[in-house]
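To keep things clear, I will list the structure first and then write my remarks on it.
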Amino acid sequence: MDIDKSIPIGSEEYNEEPVYFCAHCLSLAIKDVGIGYCCLDCGSTSIAHASIEKYDELHKAKYGKKKFYK
Ligand SMILES: [Zn+2]
């Protein structure tokens, strides 16, 4: 599944949609490999999902900046 294209950026529904991301490196590049989902960046199969706001909090805690909201 292609997360970047499946979520319409800019719509009001965007904030309500959970994002799926790698629990290890927080990458949004998640690929369905048949037996489950796999992170394309680090290869982890630990996939988490959360609201955009929660993801931003995690991203800021890990990388020092938010991904979606400034
Ligand atoms: Zn990863």
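The values are calculated or read from the model by the stated rules, or taken from the named source; none is laboratory data. In this text, all values refer to a predicted model and were calculated from it rather than measured experimentally. As a convention, Cβ positions derive from the backbone with ideal geometry for all residues, glycine included, and neighbour counts pool all protein chains shown.
Listing for the model above:
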item: Only listed residue being acidic (D, E) and at pLDDT below 90, chosen from D56, D4, D32; result: D4
item: Members of region 26-35 found to be under 20 Å from I52 (Cα atoms) and either in contact with a Ser or Thr (Cβ under 7 Å, 6 or more places away or on another chain) or in a strand (DSSP E or B) (or both), listed by number; result: I30, K31
item: Some residue of region 43-61 being of a type in the set (A, V, I, L, M) and in contact with a Ser or Thr (Cβ under 8 Å, 6 or more places away or on another chain); result: no
item: Which listed residue, of C38, C42, is assigned to a strand (DSSP E or B) and either surrounded by 13 or more Cβ atoms within 10 Å (Cβ to Cβ) or at pLDDT 95 or above (or both); result: C38
item: Residue tally, condition among the small types (G, A, S), within 16 Å of the ligand (Cβ to nearest atom) and not in a strand (DSSP E or B), over region 45-69; result: 2
